Amino acid sequence: MNPRKPLARILCAVLFALSLGVPQVIAQSTTSTEPATSSLAPQEKRADETNLDTQLYLLIATNQDVDDTRLPAAIEPVVKQLRSSMPFKNFRLVTTLVNRVKNEGRLSLKWVGGPMIASAAANANTPSFNEFRINVVKLVTDTAGVPTVRMDGFAFGARIPVVTGAVASNTTTVPVTQYEQTGLNTDISIREGEAVVVGTLNVGPSGDAMILVMSARRANK
């Protein structure tokens, strides 16, 4: 009997067994990676619930005497700069608009107010009609890493009564009043919490000017 035949049979059996085991190892390896793949599913992004408190100050700059010259402390640095750069003796606060808007939200207001300027047309029967709008208010960070509030589509408009003439009625003269449109449209960015001048508007024949001052900061929860 040839002794090499049993040895050859044993070797063939071992090789056959090894060849049968390779697919099993590959299948087990493939199955073991499935849980890791499912765990990589992206997490749901949380919604940004940040709110911003905005303040719009309407000032009238005039050379006429005013009854009340007190101004909010928040805009005193701005008014100090205005006194040195504009030829007006007094600055009068018309109104302060405080509103809250969601980050990346919009803001729109319309209201009827008292006469903004002192003139012959200024009385209870000649109010001013006003509108304030911001298309998008967004909290961002500038190139220096400073928190900044961007306001796209900032718009302010007002219809102001102006006397354009007079008509005689029996023994009296009645002034003719016409409403004139004035306004401002711009895109601005302001540092968070800092009050800045957005723009100035000449109003009425008296030479007075309306000044818009804006500030915004993150709201306290």
- So, in Å, what gap is there between the alpha-carbon centers of segment 180-209 and segment 49-123? 9 Å
- In nm, to one decimal, how far is the SER108 label point from the ASN135 one, both placed 7 Å along Cα→Cβ? 1.3 nm
- Set the Förster radius R0 to 35 Å, insert the Cβ-Cβ distance between MET86 and ASN123 as r into 1/(1 + (r/R0)^6), and round the FRET efficiency to 0.05. 0.80
- Query: How many nm separate the modelled label positions at ASP53 and THR172, each set 7 Å beyond the Cα in the direction of the Cβ?
  - Reply: 4.7 nm
- Near-label residues of segment 194-219 by backbone N, under 17 Å of a point 7 Å along Cα→Cβ of VAL98: 194-195, 213-219
- Item | Nonlocal Lys pairs with alpha-carbon distance under 23 Å, segment 51-218 (8 or more apart, or different chains) | 4
- Item | Calculated from backbone phi, Karplus (6.51, -1.76, 1.60) coupling profile of segment 170-179 in Hz, x at Gly/Pro | 6, 9, 10, 10, 9, x, 9, 10, 10, 8
- Which ³J(HN,Hα) values, rounded to whole Hz and listed in residue order, are derived for segment 87-92 from phi using the Karplus coefficients 6.51, -1.76 and 1.60 in 6.51 cos²θ - 1.76 cosθ + 1.60 with θ = phi - 60°, glycine and proline given as x? x, 10, 7, 10, 10, 10
- Task: Before anything else, pin down the relative contact order of segment 123-193: Cα pairs under 8 Å, at least 6 apart, normalised by residue count, whole percent.
- Result: 32 percent
- Going highest first, how would you order 134-146, 171-183, 54-66 by mean Cβ packing within 10 Å? 54-66, 134-146, 171-183
- Task: Find the relative contact order for segment 51-218 and round it to a whole percent, using C-alpha pairs within less than 8 Å whose residues are 6+ positions apart.
- Result: 25 percent
- Amide H to amide H, which residues 5 or more places from ALA219 or on other chains are under 5 Å from it, using H placed in the peptide plane? ASN51, LEU52, ASP53
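Read-outs: derived from the displayed coordinates by stated rules, not from any lab. Everything numeric in this text was worked out from a predicted model, so none of it was measured. Every residue, glycine among them, receives a Cβ derived from its backbone with ideal geometry; neighbour counts consider all protein chains shown.
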